[in-house]
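This report refers to the structure that appears directly beneath it.
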Amino acid sequence: MNIFSELKIGDKMSLDITQKYINQDVSSMLTTQLIDMDDYYLYISPPAYKGKKFSLMEGQLVNLFFYRKSGVYSFEAKVVKKINEELVTFVLEPTSSIERIQRRNYYRLPIVLPCVLKKQENDKVVEYSCVSKDLSGGGIKLICKQEINLDENIVVTIKIHEEQMIAIKGKVIRVVKGFEDNSYEISVEFKNVEGNHLDQIIAFIFEKQRLMRKKGLM
């Protein structure tokens with residue numbers, strides 16, 4: 001895969017700084033956007049995390065990740081320079097070919113997250129508090145106290161960060177009653193997910209995988 005033919009201006013990407021400097025307090029995956037490109041270089045917006053922008057240094061090495069329906073892809077790049085104009089831009093030179101990291105929808109991350117399940121009941125919308133058991137780009141498994149009907153259309157709101165909630169439409173594809181308590185394990189397949197929401201979920205999953213690998217848990 002050719003980097004310049006695969007990427008599109010406006011693509012949102014995740015950025016991991018592989019070569020940190022003393023004054024860079026960065027431990028999480030950052031987000032950036034492809035502003036422009038030519039035959040040799042990529043031009044990206046300042047990478048950020050939770051609204052805080054970070055600067056990059058000339059010569060610094062970074063890993064970039066982007067998302068397609070077929071999977072998560074990554075490549076390495078070197079920071080060439082910073083352009084200080086009305087819109088601050090960093091110029092990157094790719095230093096590797098594209099590598100597919102994982103199939104997009106198939107890795108299920110075991111994780112407990114607070115969630116809210118909404119469904120239509122007669123003429124009103126009812127809400128149930130649940131927690132996740134695992135999460136993927138294609139769906140989520142929930143633990144709820146209430147039984148939900150198979151094939152029911154619902155909306156799941158997932159709290160993936162302290163200040164970030166994502167609401168996604170889905171369909172219940174499996175319901176299993178717990179043996180030791182009155183809870184239900186509800187498998188939900190996502191439907192008609194907005195592109196930016198899916199990108200946020202995949203980036204969140206990949207970030208958790210990265211941290212687990214660093215701790216030797218994967």
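Yes/no matrix, rows are residues, columns are (1) among the hydrophobic types (A, V, I, L, M, F, W, C); (2) surrounded by fewer than 17 Cβ atoms within 10 Å (Cβ to Cβ):
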residue: Val126; (1), (2): yes, yes
residue: Ser129; (1), (2): no, yes
residue: Asn153; (1), (2): no, yes
residue: Glu162; (1), (2): no, yes
residue: Ile166; (1), (2): yes, no
Discussion item. Taking the criterion of being under 19 Å from the mean Cα position of the chain (by Cα), modelled with pLDDT under 85 and either aliphatic (A, V, I, L, M) or in a strand (DSSP E or B) (or both), would at least one residue in the range 1-12 satisfy it?
Written reply: no
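Based on what the data block shows, is Val79 touching a Gly at 6+ places or on another chain (Cβ under 8 Å) and either assigned by TED's automatic domain parsing to the domain that holds Ile17 or farther than 24 Å from Asn192 by Cβ (or both)?
So Val79 passes the test.
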Worksheet item: Yes or no: Val112 β-branched (Val, Ile, Thr), farther than 24 Å from Ile17 by Cβ and at pLDDT 90 or above?
Response: yes
Worksheet item: Is there a residue being at positive phi and either part of a strand (DSSP E or B) or assigned by TED's automatic domain parsing to the domain that holds Pro46 (or both) anywhere in the range 88-100?
Response: no
Response to the item:
Within the range 134-166, residues of a type in the set (D, E, K, R) and within 27 Å of Arg68 (Cβ to Cβ) come out as Asp134, Lys141, Lys159
Worksheet item: Looking at (1) under 19 Å from the mean Cα position of the chain (by Cα); (2) modelled with pLDDT of 90 or more, can you tell me which one Phe66 breaks?
Response: (2)
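The values are calculated or read from the model by the stated rules, or taken from the named source; none is laboratory data. Because the structure is a prediction, the values reported are computed rather than measured. In this analysis, Cβ positions are derived from the backbone assuming ideal geometry, glycine residues included, and neighbour counts consider all displayed protein chains.
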